[in-house]
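The values are calculated or read from the model by the stated rules, or taken from the named source; none is laboratory data. Here the structure is a predicted model, which means the values were calculated and not measured. No Cβ is skipped: glycine too gets one built from the backbone with ideal geometry, and neighbour counts run over all protein chains shown. In case anyone asks, the SASA skips ligands and DNA or RNA and just uses the protein heavy atoms, side chains included. Shrake-Rupley method; radii C 1.70, N 1.55, O 1.52, S 1.80 Å.
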Amino acid sequence: MAKAYRKRRKVEAFLTLGCLKAGWQGIDGTVKDQPLDRSLVANISSMCHGKGLPEKATVEAFLTLGCLKEGWQGNDGAVKGKPLDRALVNNISSMSSGKGLPEKAKVEAFLRACLPESGMAGH
């Protein structure tokens with residue numbers, strides 16, 4: 001019974017993470033009253049299937065990757081404040097199913113290989 005209770009508490013804590021709420025841009029307080037972003041929860045769940053619930057810091061680090069923002073062309077600074085590219089997050093989620101949240105270096109390496117040569121002019 002105690003094990004089930006601990007698991008329930010972990011799930012409840014996960015589902016109240018500010019970074020999983022609609023419109024989150026890095027500050028929990030600004031989305032306090034927003035609903036859970038169910039699509040994003042599904043993406044995170046897919047990647048973490050069989051790995052257990054990820055820690056808040058891990059989820060936040062993944063969701064703030066510059067390379068996951070709309071319009072990213074190899075320069076994180078150019079997309080600061082832009083929303084997540086939801087189609088990209090969905091595709092990364094599909095490719096990383098059951099493997100956990102991918103690290104920044106792996107995501108960037110994959111995306112850089114997909115950028116046209118002109119998109120890398122500054123690098």
Can you tell me how many residues within region 20-59 are open to solvent by 30 Å² or more (accessible area, probe 1.4 Å) and either more than 17 Å from GLY81 (Cα to Cα) or β-branched (Val, Ile, Thr) (or both)? 21
Where residues in region 60-85 are outside any helix (DSSP H, G or I) and small (Gly, Ala, Ser), which of them is surrounded by the fewest Cβ atoms within 10 Å (Cβ to Cβ)? GLY81
Odd one out for VAL11, checked against (1) in a loop (DSSP other than H, G, I, E, B); (2) open to solvent by 50 Å² or more (accessible area, probe 1.4 Å); (3) not aromatic (Phe, Trp, Tyr): (1)
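Condition check: in a helix (DSSP H, G or I) and either at pLDDT below 95 or over 29 Å from ALA13 (Cα atoms) (or both). Does GLU108 satisfy that?
Details: in a helix (DSSP H, G or I): yes; either at pLDDT below 95 or over 29 Å from ALA13 (Cα atoms) (or both): yes.
Against the criterion (in a helix (DSSP H, G or I) and either at pLDDT below 95 or over 29 Å from ALA13 (Cα atoms) (or both)), GLU108 qualifies.
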Taking region 35-53, which residues are over 22 Å from SER96 (Cβ atoms) and touching a helix residue (DSSP H, G or I) at 6+ places or on another chain (Cβ under 9 Å)? none
Determine, yes or no, whether GLN34 is modelled with pLDDT of 90 or more, among the polar types (S, T, N, Q), touching a strand residue (DSSP E or B) at 6+ places or on another chain (Cβ under 9 Å) and assigned to a loop (DSSP other than H, G, I, E, B). yes
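Residues checked against (1) closer than 23 Å to LEU115 by Cβ; (2) touching a Lys or Arg at 6+ places or on another chain (Cβ under 8 Å):
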{"site": "LEU20", "(1), (2)": "no, no"}
{"site": "VAL31", "(1), (2)": "no, yes"}
{"site": "PRO35", "(1), (2)": "no, yes"}
{"site": "MET47", "(1), (2)": "yes, yes"}
{"site": "PRO54", "(1), (2)": "no, no"}
{"site": "THR64", "(1), (2)": "yes, no"}
{"site": "CYS67", "(1), (2)": "yes, yes"}
List the residue pairs whose Cβ atoms are under 9 Å apart, where the first residue sits in region 71-99 and is at positive phi, the second is among the basic types (Lys, Arg) and outside any loop (DSSP other than H, G, I, E, B), and the two are 6 or more positions apart or on different chains. GLY74/ARG112; GLY81/LYS69
